[in-house]
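So the structure is just underneath, and the comments pick up after that.
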Amino acid sequence: MSPLIEAIDLTKSYDDGTRALRGASFTVQEGEFVAIMGPSGSGKSTLLHILGFLDPQSSGTFRFRGKTLNEMSHEEIARVRNEELGFVFQQFNLLPRQTVLSNVILPMYYSSVPKREWEERARTAVEQVDLTHRIDHEAFTLSGGEKQRVAIARALVNNPNLIFADEPTGNLDTKSGKAVMDILKSLHEQGHTVILITHDMEIAKHAKRMLYIRDGMLESDTQT
Amino acid sequence: MACSKVTHKRKMKLINTVELALHGLGTKPSRTFLTLLGIAIGVAAVIAIASLGAGTRGLIIAEISGLGADVIAVQPGRPPTGLADIGSVFYAETLTQKDIDAVLRKENVPHAVNAQPFVLVPGAVTYGNETYYPQIIGGGAEFYRDVFDVYPEEGVMYGDSDTNEKAAVAVIGYKVNKELFGQSSGLNEKITISGKKFKVVGVLPKLGQVAFAEVDEMVMIPHTTAMTYLLGQTHFNEFIVQVDDPANVARTELDIEATLRDTHDLEPGEENDFAIRTPSQLMEQVDTILLSLTIFLSAVVAIALVVGGIGIMNIMLVSVTERTREIGLRKAVGATNGDILTQFLLEAMLLTMLGGAFGILVGGAFAYLAGVLINTYTQLEWTFALPYEAVLGALLFTMFIGLVFGIYPARKASRKSPMEALRYE
């Protein structure tokens, strides 16, 4: 069986000439908890965009379940994003004027989940991040930690294999950050693959494996 | 838990997209309202025009059916080419007693049972110190009664014997009586028209309009008397032919035409110097005028709607830019380009259609109020009508406007790269 993610010599250059990635190769198996570490500007966010089907690489090969981006249609890519991937962003990216519940329901609009199940599934996901008491509040009224937990619930709701967390604690205080990390850890224990992007060694320690990126190159790959 | 799952058809249901689009409009209610106002005003204008047009048509149909289906009007001069041309018809002098005699001969027009000429008399009527300017018509009162169902309240309609004797008799309308005699009846009194005294033999009740004539303001005297003593003319302004059966009207029209061409010595190919009008022809003319009016006004309104549509496009472009991050997020969680396109396109179309629906309400209400005012302040019997073609057309057209002007912003939204959209500040 092919690995979940297979990256071979990935590079990425931007139009302004920046070479954000200069050849990174690694594989991630289903069920792993991997931290991609590196100082800011090292290319780790660029890597995440490639792995998350948000932006194509400039050269090299990226396979998801053995398939490259080129082998997939636009609809197939949207389906992968919808069913197999969940994103947790540093900026939360919630719809501020919508309630917690509607924010969590959002990915199901684009899924094959029948509408009658939407609310129940969303409630279950909100329960998992322990925010049921805030479920009818509009997103902009929440604290940063609460927002990030909503974002995790949203990432969970379609039950994806792979959860990307891009500096999920970057905008949070220590206590909220710990709560978010606990949730990510428990997701990993439930069998989800988690890829965590961070510049913070303390956060990265929660993961089982660490990929260290510097200047667009993979510097080390260690099990913790 | 992270197991493989079955992928069914993952097409977003239209109803869900409609819900999304409605929600999008709902987040900025005042902007939404102002934007749809541009469309609503245009549509309100269309609906008001259509409704008032239908009401006008209803009024005219009622008048025309009052003419009776079995009468044909013959007027001098060539057929009028439009409203402004009608004047030329009344000054032509081509119809005389000779024509009526020819039309009444069975071998010429077999289905004509009667014919009655009419002349118009300018001037005033006086009684004592009272003077009034009515519509003075020289014609047969009995004929008028039989064809138009107009019966006097007091006295009688004078008949053919009075016409043949050039008698100085008159039938007066309700308002004429009121102006000259106040509350009392003018029956058997003598009124003066152009220095000649006429005896009032009949007074009409309040009738309003009958066959396009304001009967209440009418004085009717025998055409022979009018032509001999008041006008000194031998031609008529119009004559009306009664046909034995409505089914024979079309045939009789042709017979009259042939007869009059003969009496007028017209060469083949020469244009008629008279016009024959039947109620159905009249209806066609009215429809033509109303239609051209409606088309003209609709064209003006269409321009207004296009301007409104550009406003919609403008607002949608602003909205797409403002919601760049939302678009990025939706794509990151699995929206296809098509999903985004549909969402924004539906939003634009809902916007224009809401504008359309609002416009229909406002336009309909305006036309309804206008009808109430017409009924209150005039003697017309206006019936409110809201043609469903106009309502349907307005809705379809606004939908179309939404589609045309929504497609560009929606395409722009759908083509945003998810990563760049998410980074947008």
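The values are calculated or read from the model by the stated rules, or taken from the named source; none is laboratory data. Computed from a predicted model, the values in this text were never measured in an experiment. Counting neighbours? That spans all protein chains shown, and the Cβs are built from the backbone with ideal geometry, glycine included. Surface accessibility is based on the protein's heavy atoms, side chains included, excluding ligands, DNA and RNA. Shrake-Rupley method; radii C 1.70, N 1.55, O 1.52, S 1.80 Å.
Numerical summary
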quantity: Wholly enclosed helices (runs of 4 or more DSSP H) of the stretch A:32-143 bearing at least 2 residues open to solvent by 60 Å² or more (accessible area, probe 1.4 Å); calculated: A:74-83, A:115-128
quantity: Hits in the stretch B:374-420 - residues which are more than 14 Å from chain A (Cβ to nearest Cβ) and within 30 Å of A:Gly52 (Cα to Cα); calculated: B:Ile407, B:Tyr408, B:Pro409, B:Ala410, B:Arg411, B:Lys412, B:Ala413
quantity: Flag if B:Glu347 is under 38 Å from the mean Cα position of the chain (by Cα) and closer than 30 Å to A:Val104 by Cβ; calculated: yes
quantity: Positions within the stretch B:272-290 being crowded, with 16+ Cβ neighbours inside 10 Å and more than 16 Å from the chain's Cα centre (by Cα), in sequence order; calculated: B:Asp273, B:Phe274, B:Ala275, B:Ile276, B:Arg277, B:Thr278
quantity: Residue match in the stretch B:236-258 (condition: more than 36 Å from the chain's Cα centre (by Cα), of a type in the set (A, V, I, L, M, F, W, C) and surrounded by 18 or more Cβ atoms within 10 Å (Cβ to Cβ)); calculated: no
quantity: Within the stretch B:118-194, strands (runs of 3 or more DSSP E) holding 2 or more residues that are buried (at least 18 other Cβ atoms within 10 Å of the Cβ); calculated: B:125-127, B:135-138, B:169-172, B:190-193
quantity: Every residue from the stretch B:24-39 that is open to solvent by less than 80 Å² (accessible area, probe 1.4 Å) and either without any contact (Cβ under 8 Å) to a residue 40 or more places away in the chain or hydrophobic (A, V, I, L, M, F, W, C) (or both); calculated: B:Leu25, B:Gly26, B:Thr27, B:Leu36, B:Leu37, B:Ile39
quantity: Residue check, A:Met210 modelled with pLDDT of 90 or more and part of a strand (DSSP E or B); calculated: yes
quantity: Restricting the stretch B:73-116 to residues that are hydroxyl-bearing (Ser, Thr, Tyr) and touching a His at 6+ places or on another chain (Cβ under 9 Å), the residue that is modelled with the lowest pLDDT; calculated: B:Thr94
quantity: Subset tally (residues that are over 30 Å from B:His23 (Cβ atoms), open to solvent by 30 Å² or more (accessible area, probe 1.4 Å) and not aromatic (Phe, Trp, Tyr)) for the stretch B:291-323; calculated: 11
quantity: Selection within the stretch A:47-72 - facing another protein chain (nearest Cβ under 10 Å) and of a type outside the set (D, E, K, R); calculated: A:Leu48, A:His49, A:Ile50, A:Gly52, A:Phe53, A:Leu54, A:Pro56
quantity: Criterion (closer than 28 Å to A:Tyr14 by Cβ, at pLDDT below 90 and in contact with a Ser or Thr (Cβ under 6 Å, 6 or more places away or on another chain)) met by exactly one of A:Glu71, A:Glu75; calculated: A:Glu75
quantity: Residues of the stretch A:144-178 that turn out to be of a type in the set (A, V, I, L, M), free of Cβ contacts under 8 Å to residues at least 40 places away in the same chain and assigned to a helix (DSSP H, G or I), as a count; calculated: 0
quantity: Some residue of the stretch A:4-21 being surrounded by fewer than 21 Cβ atoms within 10 Å (Cβ to Cβ), facing chain B (nearest Cβ under 9 Å) and not in a strand (DSSP E or B); calculated: no
quantity: Residue match in the stretch A:198-218 (condition: within 14 Å of chain B (Cβ to nearest Cβ) and either basic (Lys, Arg) or open to solvent by 10 Å² or more (accessible area, probe 1.4 Å) (or both)); calculated: no
